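Working notes for the structure below.
The values are calculated or read from the model by the stated rules, or taken from the named source; none is laboratory data. Since we're looking at a predicted model, the values are computed, not measured. With ideal geometry, Cβ positions are generated from the backbone for all residues, glycine too; neighbour counts draw on all protein chains shown.
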Amino acid sequence: MSARGIGPELVAALKRLRLGGLLPTLSERLTLAEKESTPLEDLLLMLLTDEISRRDTTAATRRAEEAGLDPDMVLERWDKTAKVTYDRRVMNELASLRFVEDRRNVVILGPVGVGKTFLANALGHICCRAGFHVRLLRADVLLRMLKQSRMDNSRDALMTQLGTVDVLVIDDFALEPMTREESRDIYQLFVERNARLSTVVTSNRDTAEWIATFDDALLAQSAVDRFKNNAFDLVVDGESYRSRLKPDIEKVGPPPSAPVKKPPVNPRKKGAARH
């Protein structure tokens, strides 16, 4: 049976109702429904379910792009044959997103190249699919943005953005010592987000070593203790994962000069569904 044609009036009506996404498969759906004598109510449900799924996917993709997530670093593409070890039970717990609902943090620790950035991106994608807003930044990029914001008097606006996004991912934290101003910025960010929103940090250094990278030991101890006491630990170890990535897959987040995008209004409501 050949596929049914779709009249121009129906095409125009669907587009006016912003249901044009149904058109690519509508003809086949109608033909199949006619062949199998599908009840009208079931056909309508099938078409609307298709549209809901398409819109959810489009929205998740848009949130991931705005977050600065690498589109290739999704959990489905993680190479399970890699000689990398981590606690699967912890990763499964994180993938459930209960840590976001409970406003807890995540620390992903391990040596260079074992896939910490990949796993952080993967968590970010899962969050985007669940309707949360995410922002991923390398630590050096974050610090440069904060420095620039002090120069152009946009610091308050930037701190508000960073302090209100559902999940903030800071990649490669504590690689180098921070200045006094940088230390205060990170202290403020950690303290303001703690127990209110979730922050994911990847680092080559154990959290005990973070303190030495701050300019002020008291600020460091306070910030790190609060962060650590409310965090899940995921320790990754093994051989390098980089050979399994695309040549450009390690490019994470926007370049330092990229403009800061204001995150959309938080859509999360009380009792958000767990995934």
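For the range 172-212, filtering for residues that are in a helix (DSSP H, G or I) and closer than 21 Å to ARG155 by Cβ leaves 14. Is it true that some residue in the range 68-79 is surrounded by 21 or more Cβ atoms within 10 Å (Cβ to Cβ) and in a helix (DSSP H, G or I)? Within the range 68-79, none of the residues are surrounded by 21 or more Cβ atoms within 10 Å (Cβ to Cβ) and in a helix (DSSP H, G or I).
For VAL100, the test of being part of a helix (DSSP H, G or I) and crowded, with 16+ Cβ neighbours inside 10 Å is passed.
So which residues in the range 160-191 are free of Cβ contacts under 8 Å to residues at least 60 places away in the same chain, of a type outside the set (A, V, I, L, M, F, W, C) and closer than 16 Å to LEU137 by Cβ? Selection gives THR160, GLY163, ASP172, GLU176, GLU182, ASP185, GLN188. Under 20 Å from MET91 (Cα atoms), β-branched (Val, Ile, Thr) and either modelled with pLDDT under 95 or surrounded by fewer than 20 Cβ atoms within 10 Å (Cβ to Cβ) (or both): does that describe THR199? No, not satisfied. The conditions of being out of contact with any His (no Cβ under 6 Å at 6 or more places or on another chain), farther than 28 Å from GLY131 by Cα and either modelled with pLDDT under 95 or assigned to a helix (DSSP H, G or I) (or both) are met by PRO247.
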